[in-house]
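What follows draws every value from the coordinates through simple rules; no lab data is involved. As the structure is a prediction and not an experimental result, all values here were calculated from the model. When we count neighbours, we look across all protein chains shown, and the Cβ atoms used for this are built from the backbone with ideal geometry, even at glycine.
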Amino acid sequence: MIRLIVASLLATAAVVAAGCGRPSAPADTPSVAPSHLASGAPSKAASMVCADEAQHEISLSLQLQLDRPVTPTWSDHLYSCSYTYPVGTMTLTVKELAGTAAATAYFTALRSHVTQPVTMPGLGQEAYRESDGSLVVHKDFLVLRIDVGGLPARFGQPPLSRSEAARRVGADIMDCWTGQ
């Protein structure tokens, strides 16, 4: 019986570890500067935010099911998709930059346009929350924005605030990007 429980736990861990479409080769991890920027295609790390596995993890975190399929777009090194629920829409965007210094500058510029941003420790290298609950996270050469302004103030079961929803989604994405 104990062997069966251990085997089940290991199988579950393997499924969880495979979640979010996490890249398997070190060259694909977010800590490596994207050599493909000239190729015109998003990195595997950026495309994770709209992947089926991320959709599943986010649905579990928010206790909401999608109302429409997630359709990603890629333009000017910005990967984006909208998660449309019966109650509203949340949009995830990932800006890919040439390296950590460029991502830091981009993140700082975004934050400078926000009145009273709230620092959110523990997410990426740095993160802040906007007044509507949206979240911006800087991790290596990527800047993730989770726009929850299109969601009601409270939603889900149990009801979550927009800022808590953004924090949960940010934690899901960071888990994918860091391999935890």
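Just a few scattered comments:
- Each principal axis of the Cα cloud of the range 95-150 was evaluated for its coordinate range; sorted largest first, these ranges are 29, 21, 19 Å.
- With one equal scatterer per alpha carbon and no solvent term, the Debye-computed log10 I(q)/I(0) for the range 27-180 at 0.13, 0.14 1/Å reads -0.54, -0.63.
- Distance between modelled label sites at Thr108 and Leu66, nm, 7 Å Cα→Cβ extension: 3.7 nm
- Approximate shape of the range 125-180 as ellipsoid semi-axes (Cα gyration tensor, √5λ), whole Å, largest first: 21, 13, 7
- Dipole axis of the range 131-180 (+1 Lys, Arg; -1 Asp, Glu on Cβ), positive-most option in Pro152, Thr178, Phe141: Pro152
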